[in-house]
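Reviewing the structure listed below.
Throughout, read-outs are computed from the coordinates displayed, never taken from laboratory work. This is a predicted model, so every value here is computed, not measured. Note that we place each Cβ from the backbone using ideal geometry, even for glycine, and neighbour counts take in every protein chain shown.
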Amino acid sequence: MLFWKKKKEQIEEAVEEIAHSAEEKIDEIADTVEEKLEELGDKIEEVTDAIEDKVEAAIEEIKEEIVAPEEEKKGFFARLRDGLGKTRTSISDKVSEVFKAFKKIDEEFYEELEEALILADLGMSTSMEIVERLRERVKEKKLTEEDEVKKELRDIVAEILRSEDSKLKLDTKPTVILVIGVNGVGKTTTIGKLASRLKKSGKEVVLAAADTFRAAAADQLEIWAERNDVRIVRLQEGADPAAVIFDGCVSARSKGADVLICDTAGRLHNKKNLMDELGKIYRVIERELPGARKEVLLVLDATTGQNAVNQAEEFNNAANITGIVLTKLDGTAKGGIVITIREKLGIPVKFVGVGEGIDDLQEFDADSFADALFY
């Protein structure tokens with residue numbers, strides 16, 4: 001009897017132990033299930049939020065596509081007008097003072113107007129050309145009212161600035177954009193902003209950091225490449241610029257890129273050195289990308305005034321410039337220099353910088369520019 005009693009107790013203890021262990025396992029499983037359900041709930045919430053965000057973004061994008069053209073036009077004109085504030089004060093205010101000082105349009109009026117334009121940094125030859133055209137039109141149309149004459153003046157400025165080549169030509173794949181200019185004019189920033197514009201328009205862009213002489217030039221360009229999520233080709237500091245261009249051409253071709261933007265050295269040693277370096281770069285591009293369209297953009301700092309004209313003349317003698325990018329217009333009263341460059345050198349202005357923001361590099365429009373100056 002004692003034996004069976006012990007056996008019974010042992011069995012009861014074993015059963016109790018098994019039951020306790022089972023209860024712990026059940027609790028453990030329940031906790032795990034609860035945790036998994038919470039995790040699943042969080043995941044579902046995350047996915048739901050992501051879907052909602054995408055739906056909202058898609059709706060906003062559709063809204064932008066519907067209303068963008070008019071809003072963009074207004075936004076551009078507002079930014080341009082604000083950016084040209086100092087220049088407009090310099091030009092428009094001086095012109096208005098001349099109009100107010102004279103009751104009739106006579107020779108003395110034209111002399112004063114010419115002087116006002118010269119003082120507004122348009123340069124002597126450009127100012128004389130504008131006033132001569134105005135004199136002829138006032139006589140031909142028999143204009144007497146201030147508003148009529150001022151509108152004619154605005155139209156003459158717009159005509160000087162207009163060009164059929166004011167837009168970038170991206171008609172080959174890839175198109176090569178060479179960006180040139182002295183150090184300090186905003187060349188690297190211009191490339192970054194231009195890459196942003198092209199990327200947003202659906203273009204595949206590659207950057208080539210061929211300014212290998214200036215310390216940290218490639219590093220600055222790489223920051224812009226990362227910001228715009230575009231590919232960059234670079235070599236060590238001091239490397240042959242043409243070697244970077246070669247690698248850039250190979251990369252653009254292999255990746256099927258739409259545009260290759262090449263930074264170049266900003267040091268203007270002399271015409272021969274510049275010509276030799278650009279000639280070497282041209283030969284590499286012709287060999288590696290035969291038939292590719294080449295846009296050569298000269299970046300000029302508007303705050304330098306007449307010195308920008310001198311730079312444009314020097315570079316134009318050494319390179320086949322296809323367009324001007326005028327930066328820092330928002331910080332100067334010398335924005336009228338764009339009129340002088342266009343009238344004197346015949347090079348179209350393709351972009352203007354009217355602020356620090358990434359969207360403040362704007363395609364140049366002659367009529368909007370003239371309106372922003374006078375109205």
Shape call, the range 211-293: gyration tensor on alpha carbons, a/c limit 1.5:
oblate
Diffusion coefficient, µm² s⁻¹, Stokes-Einstein with Kirkwood Rh over alpha-carbon pairs of the range 175-365 at 10 °C and 1.306 mPa s:
96 µm²/s
Compactness of the range 230-337 as Cα Rg over 2.2 N^0.38 Å, two decimals:
1.19
Set the bar at 19 Å for Cα to Cα. Now go through 86/200; 94/151; 203/280; 187/294; 104/334 and name every pair that lies beyond it.
86/200; 203/280; 104/334
Using Cβ counts within 10 Å as a stand-in for footprinting exposure, how do 324, 285 rank, fewest first?
285, 324
I'd like to compare 293-302, 238-247: which one has the highest average count of other Cβ atoms within 10 Å, and what's the full order after that?
293-302, 238-247
